[in-house]
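The values are calculated or read from the model by the stated rules, or taken from the named source; none is laboratory data. Predicted model only: the values in this text are computed from it and were never measured. Cβ: placed from backbone, ideal geometry, glycine included. Neighbour counts: every protein chain shown. Surface accessibility is based on the protein's heavy atoms, side chains included, excluding ligands, DNA and RNA. Shrake-Rupley method; radii C 1.70, N 1.55, O 1.52, S 1.80 Å.
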Amino acid sequence: MTAPSPWVLRFAPHIPEGSNVLDLACGSGRHARLFLMAGHYVTALDKNTESLADIKDLPGVEVITADLEDGSPFPLPGKQYGGIVVTNYLFRPLLPRLPDLLSVGGTLIYETFMDGNERFGRPSNPDFLLLPQELLNAFHEKLSITAYEETIISEPKPAAVQRICATRHK
């Protein structure tokens, strides 16, 4: 299993202790496991949740199998979380929903690929690459920005990424 993102590790302490954490498009669940081990209640959501079989029945874990892009009703109506983690995933219609999924004092930690990543390989489709300052523009009106970067990383592989940590204060 892939190690947790250094960006997520850096800002994990900003998520209120013991709160519910949503790992959105969780993949193998590396961040769901991280927050579960830190004492949080975790909701892990992905269209394929087979790799979560080892944690799905643990206390404090909710696994939701849902395709966020197929037009089905949003699977989290009325829910709020103390933390939301999204890595290596972009589906633009979800961006406006994320602030409302945070409880007051809740923190969003988001990191994914941006324009320029095509020189490093996949993803290279512009539909899956953020535009310059796209995360900042998506969240600055509703959330307080703690940190924001557009950078080239070398680990776990070279990539152009954009990342943000932001908190809901009202």
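Computed values, structure above
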item	result
Any pair with Cβ under 8 angstrom, 6 or more apart, that starts in the range 146-160 at a residue that is under 14 Å from E118 (Cβ atoms) and ends at one that is of a type in the set (S, T, Y) and open to solvent by less than 60 Å² (accessible area, probe 1.4 Å)	A160/T151
Flag for L52 being buried (at least 20 other Cβ atoms within 10 Å of the Cβ) and hydrophobic (A, V, I, L, M, F, W, C)	yes
Which listed residue, of L136, L131, L143, L108, is in contact with a Phe, Trp or Tyr (Cβ under 6 Å, 6 or more places away or on another chain) and at pLDDT 95 or above	L136
Extreme residue, most open to solvent (accessible area, probe 1.4 Å), among residues of the range 98-128 that are in a loop (DSSP other than H, G, I, E, B) and not acidic (D, E)	R122
Close pairs from the range 60-82: first more than 20 Å from R92 (Cα to Cα) and modelled with pLDDT of 95 or more, partner open to solvent by 70 Å² or more (accessible area, probe 1.4 Å) and assigned to a loop (DSSP other than H, G, I, E, B), Cβ under 8 Å, at least 6 apart	V63/K56
A38, sole failed condition from (1) small (G, A, S); (2) closer than 24 Å to P77 by Cα; (3) open to solvent by 20 Å² or more (accessible area, probe 1.4 Å)	(2)
